[in-house]
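The values are calculated or read from the model by the stated rules, or taken from the named source; none is laboratory data. Model, not experiment: these values are computed from the prediction. Using ideal geometry, Cβ is built from the backbone for each residue, glycine included, and neighbour counts are taken over all protein chains shown.
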Amino acid sequence: MDHLAYYELREEPFSIVPLTNFYYHNEQHDQAYLRLRRSVEGMKGLAVLVGEVGTGKTLLARRLLESLPDDQYEAALLVVLHSSVTGSWLIKRVAQQVGVTDTEGDKVDVIGRLYGRLNEIAEEGRRAVILIDEAHMLRSPETLEEVRGLLNLELSNSKLLSIVMFGMPELDMRLASEPALKQRMAVRFQLKNFTRETLVDYVRFRTFHAGSNKQIFSASALEAIYDFTRGNPRLVNVVCDNSLFEGFVRRVDLPVGREVVESVAADLGLPPMDPADEPAERR
């Protein structure tokens with residue numbers, strides 16, 4: 001018997017992989033999704049979502065991508081893996097993502113083919129959308145200038161390409177240093193950590209979605225989870241996942257208590273939150 005069977009769960013409730021079938025509907029993430037979706041539907045140009053590590057940016061990116069039907073959109077998700085990417089690399093990757101098969105030659109040639117492909121998509125009655133995850137890694141002015149240039153590809157009455165950037169708060173600083181690009185930002189939204197109340201609902205949603213109708217964590221355990229994670233969704237998953245396994249190892253009956261969470265947090269090196277550090281609106 002493994003820990004899932006021990007707690008009568010049919011699947012992992014707290015995987016850190018951003019699975020869209022475990023998307024948790026809550027006010028801020030739903031508001032973010034609605035604003036980003038409105039931006040791409042209206043081909044408004046540039047939309048930006050920022051948030052600290054672990055607040056759910058990648059999950060929202062995937063959810064947005066999956067929600068765009070192929071018969072209406074030519075959409076793709078581009079992940080920036082390192083900060084040394086060049087403007088030429090970005091243009092070629094965007095071109096490939098929307099269906100340009102030949103990206104050889106210099107940048108001007110590729111932009112010409114990209115413009116032609118975007119016109120084809122528009123003539124089909126569809127919208128071209130590029131989602132850029134880890135966009136804060138686009139650090140060079142040259143690369144950001146190419147983003148601005150891509151947003152300038154348009155017809156007389158509409159833009160040909162919509163871009164949504166997902167990144168850490170430093171993305172704001174990148175855009176602030178490029179006023180010509182920032183002025184093209186039609187939508188911006190910032191994700192924050194969960195409140196205590198939202199965290200409780202989130203944990204219950206996850207365990208219910210994984211097959212349990214029981215109370216998995218005690219009220220004091222949920223308080224501890226918040227205190228050690230500050231409500232950060234990814235850390236909540238890590239602590240809860242490890243606490244379930246620790247409870248299984250100890251053969252702890254439900255609900256899993258605070259002492260298990262505290263033990264796991266100590267192993268992970270997570271210090272408890274100082275009450276003075278908690279935002280006033282979250283107390």
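General observations
- Selection of helices (runs of 4 or more DSSP H) fully inside segment 78-182 by the criterion of at least 1 residues being assigned by TED's automatic domain parsing to the domain that holds A32 and β-branched (V, I, T) returns 87-97, 107-123, 141-151.
- Of E52, E41, all but one fail to be in contact (Cβ under 8 Å) with a residue 12 or more places away in the chain, out of contact with any helix residue (DSSP H, G or I) (no Cβ under 8 Å at 6 or more places or on another chain) and farther than 20 Å from I16 by Cα; the exception is E41.
- Those helices (runs of 4 or more DSSP H) lying entirely in segment 208-274 with at least 3 residues touching a helix residue (DSSP H, G or I) at 6+ places or on another chain (Cβ under 9 Å) and among the polar types (S, T, N, Q): 233-250
To keep it simple, each residue is scored yes or no on (1) in contact with a helix residue (DSSP H, G or I) (Cβ under 8 Å, 6 or more places away or on another chain); (2) more than 30 Å from T198 (Cβ to Cβ); (3) buried (at least 16 other Cβ atoms within 10 Å of the Cβ).
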position: A76; (1), (2), (3): yes, yes, yes
position: V80; (1), (2), (3): yes, no, yes
position: V100; (1), (2), (3): yes, yes, yes
position: E124; (1), (2), (3): no, yes, no
position: E145; (1), (2), (3): yes, yes, no
position: L150; (1), (2), (3): yes, yes, yes
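- Unique residue being buried (at least 20 other Cβ atoms within 10 Å of the Cβ) and not polar (S, T, N, Q) when the list is V17, V48: V48
- Pairs, first free of Cβ contacts under 8 Å to residues at least 60 places away in the same chain and farther than 11 Å from R196 by Cβ in segment 214-243, second crowded, with 24+ Cβ neighbours inside 10 Å and polar (S, T, N, Q), C-beta under 6 Å, six or more apart: V239/T229
- Any hit, segment 150-161, residues being more than 13 Å from L46 (Cα to Cα) and in contact (Cβ under 8 Å) with a residue 60 or more places away in the chain: yes
- Members of segment 172-229 that are surrounded by 15 or more Cβ atoms within 10 Å (Cβ to Cβ), polar (S, T, N, Q) and closer than 20 Å to K44 by Cβ: none
Each row is one residue, and each column tells you yes or no for (1) in contact with a Phe, Trp or Tyr (Cβ under 7 Å, 6 or more places away or on another chain); (2) under 20 Å from E11 (Cα atoms); (3) of a type outside the set (S, T, N, Q); (4) at pLDDT 95 or above.
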residue	(1), (2), (3), (4)
R234	no, yes, yes, yes
V238	no, yes, yes, yes
E246	no, yes, yes, yes
V252	no, yes, yes, no
P255	yes, yes, yes, yes
S263	no, no, no, yes
A266	no, no, yes, yes
G269	no, no, yes, yes
P272	yes, no, yes, no
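- Checking A5 against (1) buried (at least 18 other Cβ atoms within 10 Å of the Cβ); (2) farther than 30 Å from E124 by Cα, the condition it does not meet: (1)
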